[in-house]
Amino acid sequence: MQEILLHFAMAATFGAFTGSLFRLTRRPGYERPFMFPVVGLIAGITAYMIFYVLASTTGAPTWLLPILIVLQVWLWLGPLGPKFRKAENGDESR
């Protein structure tokens, strides 16, 4: 049980770290910068669950987990990610 929790925590942490790195690739001035590590955290958890099912059923290799995490973060923050709208009137007080 401890091994599962350790891998789960490491996958979530690596997902949050990857989400934070993905934030650095964006232009400055985007709204909600905290969203990137949070989406990375959720993507890491989801990737671990996918890996756990694959490892249980097909014996997937351990090197697959970091690749799944990076792909999940890229998909969720990239092409399938949220679309940001710029403020049309320049009001940034909200």
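The values are calculated or read from the model by the stated rules, or taken from the named source; none is laboratory data. Since the model is a prediction, treat every value here as computed from it, not as a measurement. Counting neighbours? That spans all protein chains shown, and the Cβs are built from the backbone with ideal geometry, glycine included.
Quick notes on this one:
- Scanning the range 32-49 for residues that are within 17 Å of residue 5 (Cβ to Cβ), of a type in the set (A, V, I, L, M) and buried (at least 16 other Cβ atoms within 10 Å of the Cβ) turns up 41, 45, 47.
- Under the condition of being in contact (Cβ under 8 Å) with a residue 40 or more places away in the chain and of a type in the set (Val, Ile, Thr), the residues counted in the range 39-54 number 1.
- Sole exception among (1) assigned to a loop (DSSP other than H, G, I, E, B); (2) among the polar types (S, T, N, Q); (3) modelled with pLDDT of 75 or more for residue 20, by number: (1)
- Residue match in the range 72-81 (condition: at pLDDT 85 or above, in contact with a helix residue (DSSP H, G or I) (Cβ under 9 Å, 6 or more places away or on another chain), surrounded by fewer than 14 Cβ atoms within 10 Å (Cβ to Cβ) and outside any loop (DSSP other than H, G, I, E, B)): yes
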